[in-house]
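The values are calculated or read from the model by the stated rules, or taken from the named source; none is laboratory data. Not measured: the values here are computed from a predicted model. Every residue, glycine as well, gets a Cβ built from its backbone with ideal geometry; the counts of neighbours run over all protein chains shown. These accessible areas exclude ligands, DNA and RNA; they are computed on the full protein's heavy atoms, side chains included. Shrake-Rupley method; radii C 1.70, N 1.55, O 1.52, S 1.80 Å.
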Amino acid sequence: MDSRHVPIKEPSFATMNGPKFNGTYNGFKTAEWLLTVGFVTSNLKRMTLASILRFRNYKLRQASKHLSSTKLLRLNLKSPIRGNVWLRETGSDESTFSEICESEVYLPVVKRIRECNTILDIGGNVGLATRYFASRYPNSRIFTVEPDNNNFAMLARNTNHLVSEGRCQILQAALWSVEAELIASTPDDRKDAFDCISVRDAGPGEVGVVNGVTIQTLIEMTGFNRIDLLKIDVEGAEVVLFQNDTNWLNQVRNIAIEFHGTSREDMDFDRIVRSYGFEIDEGNSHTILAHRAP
């Protein structure tokens, strides 16, 4: 067991519902247990019972502000991802989990793209999108890129089995307009928001440098003949996609991209992708999908 895993005492439903249960159990009132039963019911299809109770414990500690910045939450999932995932207790990991595993923000993408064998995931964060696509496309191979040190460590943990199976490669790097040395950081007012990492050029002597690479270089590094799905969530750095030669678009079948601020207009996304034969699906408020016309 990981030393940072938070053990909890998981009550027996036989004990809770037995003749000796008179309104409280381990300090919980009947109303609180009714809420827990509802929580269990709503998550039974998503994760194991032990993980549901662990997640409930996390939620209670979250509400009372008793989370630890050094501990991890392990959840054994059944759907839409299978197997263990690890989240940091503090920060934005749980919010990312909610988006990808509960709200399934990428479900419109997989419904539209029926067959997908090669995926380039730029902005991999802690690996939940990679795990989601790996589950939805069981024959796919995935190349995942993430610039931040701490996020990359979580990405490595969450994709370890996929890497071991030869289905996934991971790279610590940042999407940029040229090959360069960069610094990955979070905004000063959102230091715990691991999902909003931004990058900038590194100054002389700065530590924590990460390599900035172009989209063409990343495509070449995958080793794929073509990219069936290019997923991009890079907190505004998407504006660099079209700053150089755009012929790499000929190697891509579908683009799932999350825009930030006015980046869609700033990069002239719609006009450029349409000039390469893409159609744009506006049906998903979270992610815009550009796909090849039939």
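Let me check I've understood the local charge: for His66, count other residues with C-beta under 12 angstrom from its C-beta, Lys and Arg +1, Asp and Glu -1. What total comes out?
Details: positive: Lys59, Arg61, Lys65, Lys71; negative: Glu89.
Local charge sum for His66: +3.
Taking a ≥ b ≥ c as the square roots of the eigenvalues of the Cα gyration tensor of segment 222-294, is the shape rounded (a/c under 1.5), prolate (a/b larger than b/c) or oblate?
rounded
Keeping all protein chains in the complex and leaving out DNA, RNA and ligands, what accessible area do you get for Thr70 with a 1.4 Å probe, in Å² to the nearest 10?
Surface open to solvent at Thr70 totals about 90 Å².
What's the local net charge at Pro80, with K and R +1, D and E -1, over the other residues with C-beta under 13 Å away?
On the way: positive: Lys45, Arg46, Lys78, Arg82, Lys111, Arg131, Arg136; negative: Glu99, Glu102, Glu104.
Cβ neighbours under 13 Å give a net charge of +4.
With a sphere of radius 14 Å drawn around the Cβ of Glu165, what net charge do the other residues whose Cβ falls strictly inside it have (Lys, Arg +1; Asp, Glu -1)? Display every interim value, and only then the final one.
Details: positive: Arg82, Arg131, Arg141, Arg167; negative: none.
Combined, the nearby Lys, Arg, Asp and Glu give +4.
Give the peptides 59-66, 164-171, 251-258, 274-281 in descending order of average Cβ contacts within 10 Å, highest first.
251-258, 164-171, 274-281, 59-66
May I have the pair-distance distribution P(r) for segment 56-192, computed from all Cα-Cα distances with 10 Å bins from 0 and rounded to whole percent?
Distribution as computed: 11, 40, 35, 13, 1 percent.
Need one number: nm distance between label points at Glu279 and Thr246, each 7 Å from Cα along Cα→Cβ, rounded to one decimal.
Rounded to a tenth, the inter-label distance reads 2.0 nm.
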